[in-house]
Amino acid sequence: MTRIATTLLVTTALALAPARALPADPAPGAEATVDTQSVVAEIQAAEARANEEPETGLPALAALLDDVASRGVAVAGAPDVRKSRILAYLTLARGYLALGDERRAEEAMHEAIRLAAPDEPPADIFGPTLAEFYAQRRAYLESKGPHAIEVRCGIPCVVYVDERLVPDGRVDGLLAGAHRLHVRPASSVTGGATPPADSILDMTILLDDDHREVVVPYAPPGLAAPARDEPAEEAPPKKRMLPVWAEGLGIGLGAAGVATGATLLALDGKCAGSDKDPATCPELYEFTAAGAATVAVGGALLVTSIVLLAVDAARTRSARKRKAGRRMSFGPGSLRVAF
């Protein structure tokens, strides 16, 4: 029967990868030319022997089924081979029941159920005894609740569970028991070539009450995608020294102050009355200090406001350039724009 190994998390030679990658390869059987008919013939011949000589034929059939499962998803997952395997496991279950070996009968029936999922194996064609046994075993497995296997790929990968393609790397609703997991790099990673042996993951996962959801990280070191350079964290943009309206108001007030001071200085020393002769004028304007002070204050406000407006405008242009630079990055032969 299938060897069972309990595995919670693969950590040796595989690095944790946060992203889940979609497979880009076809279903098993379409990626290579496989002589599945000869495999089907092997299984059928072993079945016939198991029916004729149960004591020696049943162990031989069980060993052959283990061997077929180890030949890879292109063979074991081919539709005609899968159908023959399901029927062969039902033959095993019936034979072991006849020999009184209920434990092996249960193992064979569970394998038939897992292989046929999400459909049901045709146990009824083997007679009412096996049909009833199937119903009991299925009820038992369903009582354990649904389980899940999720593969998190750091590179584009192809995932199979029980020789069945899992398009998004996760399969839910699995029944309890042993499930075969096969993961390999997608052809887009290997360029269509045969992937390196150390990049292919073949393992058996036991789902039970303690392991209802198993997560397997997959990122072969030799094929791991290069990490994306994350932009350095930038300091938050500096705030404006003053709002635009305040800087504009300052420029206006400063200009008005300069103009007012210049007017006062122009009136300084002039007669306050109608007499135009300063020598006979009873009262002269004295705006020297006020005019000079007003020009100085207005000029300082004008210059300061202009400088502040120029500095804030330069900061705004610099921030826009940095933002545009973050949105656009150049790659070999392409321009990528992120929004």
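The values are calculated or read from the model by the stated rules, or taken from the named source; none is laboratory data. On a predicted model such as this, the values are computed, not experimentally measured, just so you know. Here the Cβ positions follow ideal geometry from the backbone for every residue, glycine too, while neighbour counts run over all protein chains shown.
Values as computed for the structure displayed
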read-out: Residue match in segment 133-141 (condition: at pLDDT 90 or above, within 19 Å of Leu87 (Cβ to Cβ) and surrounded by fewer than 14 Cβ atoms within 10 Å (Cβ to Cβ)); value: yes
read-out: In segment 205-223, residue modelled with the highest pLDDT [restricted to those that are surrounded by fewer than 16 Cβ atoms within 10 Å (Cβ to Cβ) and farther than 19 Å from Pro146 by Cβ]; value: Pro221
read-out: Any hit, segment 182-199, residues being touching a His at 6+ places or on another chain (Cβ under 7 Å) and either in a helix (DSSP H, G or I) or under 22 Å from Arg212 (Cα atoms) (or both); value: no
read-out: Filter pass, Ile113 being without any contact (Cβ under 8 Å) to a residue 40 or more places away in the chain, among the aliphatic types (A, V, I, L, M), assigned to a helix (DSSP H, G or I) and in contact with a Pro (Cβ under 8 Å, 6 or more places away or on another chain); value: no
read-out: Some residue of segment 161-172 being assigned by TED's automatic domain parsing to the domain that holds Arg71, in contact with a helix residue (DSSP H, G or I) (Cβ under 7 Å, 6 or more places away or on another chain) and of a type in the set (A, V, I, L, M, F, W, C); value: no
read-out: Residue list for segment 141-169, restricted to those being among the hydroxyl-bearing types (Ser, Thr, Tyr) and either without any contact (Cβ under 8 Å) to a residue 40 or more places away in the chain or in contact with a Phe, Trp or Tyr (Cβ under 8 Å, 6 or more places away or on another chain) (or both); value: Ser143
read-out: Yes/no for Glu111 being acidic (Asp, Glu) and under 41 Å from the mean Cα position of the chain (by Cα); value: yes
read-out: Any hit, segment 83-91, residues being of a type in the set (Val, Ile, Thr), within 42 Å of the chain's Cα centre (by Cα) and at pLDDT 95 or above; value: yes
